[in-house]
Amino acid sequence: MEFYSSVIEEVEKINYSKYLSEFKSKFVTFRDKAIEQGDKKAANLFQYEIEILSLCTKNPFVKENYSQRFVPLYEYKDGTKWPNIEGFTEEQINYYEERLKVSNNVFLKSRYADFLFEHGDKFGSLNKYQISQILVPSLLEIADAHLEKGNLLQFVLSLSRAVEVSLRMQIEKFIQSSLILLEKAIVEFEKIKNYRWILELSELIRNIVNSKKSNLVTEELKELCFDVLNKGRISYWENKEFHLHRSFCEEVLKWKKIKNMSDDEVDNLLLEIGRSYEEEALYQHGREEKSNIVKAHFYELAMRHYANIGKTEKVNEMKVLIRRAYEELERSDELSAFSSEFSIPTEALENILKPYLEGEKKEILDRISKAICFIPKLSEVERLTRNLMEQFPLQFLVGRSVIDDGKKIDHGNSNEDDSYRFAFSQSYMLHLQFNLELIIVNLFNRLIVDKELSSEDVINKLKSWPLLSPKNLPLIEVGIEAFFKGDYVSSIHILVPQFESTLRRMFSLAGYPTTSIKKGTAQHEETFNEFLNRADIKEALGEHIHKFIQMVMVEQTGLNLRNKVAHGLISFSECNRSLNILVIY
């Protein structure tokens, strides 16, 4: 064990370390050397050191829902963990306890004590109180060293753990020592106007104030912390660092009860947060070329904030600004269109169209009306969507939005469900557009030219359908005739609403309820979205036709024709021949 002892002696001499990885890397080197020398016992003990130093720490700021301090560095899909705390042996735990007793290196001692405080009761002989008597002083010494070296993140993390353990064990002398260090840091940070870490220090003080040991926090320290918080808030506003400004506002608001803040003071701070979002929409970190997407985003955050605090006038003001930002976006070159070229063999296309071009017009229309091969196959869309998400995962890590007519009409987060929903809609619409432009439109054009298909032929086909209501027929006739005359604006404005009405009346004639009772016995038609989302309607239509209708008529990430026509939001360019043919189909 000579080699082991010499290594420990060398490692113990490290006076300061920003990260424990410095110790870990040394133990890895020495473990490998011990293996080369055939010294299995030393290699095993070095492995113990590597494992405890490899554990990742969770750093809660003294929260009541604190669950665990240490988590594995790696956790694989099959459940394998490394280091696996549950697999630590009695010998391993006892080794850490022995090292805690003999080590003079404060960084190593703090890690041994920290681990044993959480997991030592499995095999160890020391109780939590005994361990805390070593852990907290070690953490405070380390925190002070980090503060002196200017390693402020490590200072805050060490100090927060010291405060947490002191509060859990209710040890007054350690809480007082923590408060002394807290005050020292706040004074130093104020002196150099470095306010960033005041947020975390303020949170630590609040936790002590809200604990059973609140009497240990002097009024002078409360005043100092609150005063520096407000200085930081003002400083970040003046320097246009709006994100930090809002964080400081929110922290100041958490002192509401402690400082007996008035309703006016609270209201002013809440409004200040809203103004911060508005200013950030315009400032955008000082970039020369402003982004309308960024502008709209921060106006949306401001709107949500004003809605949460009940400022209706400001909400309405933000709605106007958001719409203007999106309208400017649509007029700008900020958004880019991407295109790709591909070729379709003429022979393959002819083979698809051939069965629908042979025979009499009536027979052809019968075949087309019963064919669902032109509708995207859901299993294929789902398969391609999954493949897309697996092959290009990075593009689904961010949220995405649908912007139309100067407003955001849909928004998805980066979670798996939303990412899949957007990716599925994207894949479905590619399939639909492909089928429409290459096959359905091509087919109708050929029928009109080669078979002299007329409005009368289409109308007669519809008349033969027993579930078509006589109330719809006259209007549908006008819409079909407008299409064949090339009046696509009129035809789509007639045929889209008539499609909805026809579908409802079809189900009504088939014995399905299509209304809801809202007051007394008065019946009201369900919205088209509600109607299509009913389980019985989905089952009757079948999944392929149901999804097809949904994506064409009401889905915001689809064509959404029903809602665009009903609300007068459809653009002139969308009133085209292709979309009219799609509705007729």
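The values are calculated or read from the model by the stated rules, or taken from the named source; none is laboratory data. Because the structure is predicted, anything quoted here is derived from the model rather than measured. Neighbour counts run over all protein chains shown; Cβ positions are idealised from the backbone, glycine included. The accessibility values were calculated without ligands, DNA or RNA, using every heavy atom of the protein model including side chains. Shrake-Rupley method; radii C 1.70, N 1.55, O 1.52, S 1.80 Å.
Figures for the structure shown
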quantity: Rounded accessible area per residue of the range 101-210, 1.4 Å, Å²; calculated: 39
quantity: Between helix 198-209 and the chain: long-axis angle, C-alpha atoms, 0 to 90°, nearest 10; calculated: 70
quantity: The chain, accessible surface, carbon-and-sulfur percent (1.4 angstrom probe); calculated: 50
quantity: Packing-based order for 157-164, 52-59, 373-380, 331-338, using average beta carbon neighbours within 10 Å, highest first; calculated: 157-164, 52-59, 373-380, 331-338
quantity: Under the Karplus curve 6.51 cos²θ - 1.76 cosθ + 1.60, θ = phi - 60°, whole-Hz ³J(HN,Hα) for the range 287-295, x wherever Gly or Pro sits; calculated: 4, 5, 8, 6, 9, 6, 5, 5, 4
quantity: Angle between the chain longest axis and helix 242-253 axis [Cα atoms, degrees, rounded to 10]; calculated: 70
quantity: Size of charge dipole - the chain - debye, nearest 20, with Cβ of Lys, Arg +1 and Asp, Glu -1, no other charges; calculated: 940
quantity: Positive-pole candidate from LEU140, THR29, ASN580, dipole of the chain, charges at beta carbon; calculated: LEU140
quantity: About the Cα centre, charge dipole magnitude for the range 278-358 (Lys/Arg +1, Asp/Glu -1 at Cβ), debye; calculated: 520
quantity: In nm, spacing of pseudo-spin labels at ASN533 and LYS41 (7 Å Cα→C-beta vector); calculated: 7.1
quantity: Using alpha-carbon coordinates, inclination of helix 40-54 to the longest axis of the chain, degrees; calculated: 60
quantity: Gyration tensor verdict on the range 270-311 (Cα atoms; rounded if a/c is under 1.5, prolate if a/b is larger than b/c, oblate otherwise); calculated: oblate
quantity: The range 412-569: C-alpha pair distances exceeding 20 Å, %; calculated: 61
quantity: Signed unit charges on C-beta, dipole axis of the range 94-189, positive-most listed residue PHE174, VAL163, VAL106; calculated: VAL106
quantity: For the chain, the fraction of alpha-carbon pairs in successive 20 Å shells from zero, as %; calculated: 15, 32, 28, 20, 6, 0
quantity: Contact order relative to length of the chain, as percent, for alpha carbon pairs under 8 angstrom and 6 or more apart; calculated: 7
quantity: Ranked by how many other beta carbons lie within 10 Å on average, peptides 72-83, 210-221, 298-309 from highest; calculated: 298-309, 210-221, 72-83
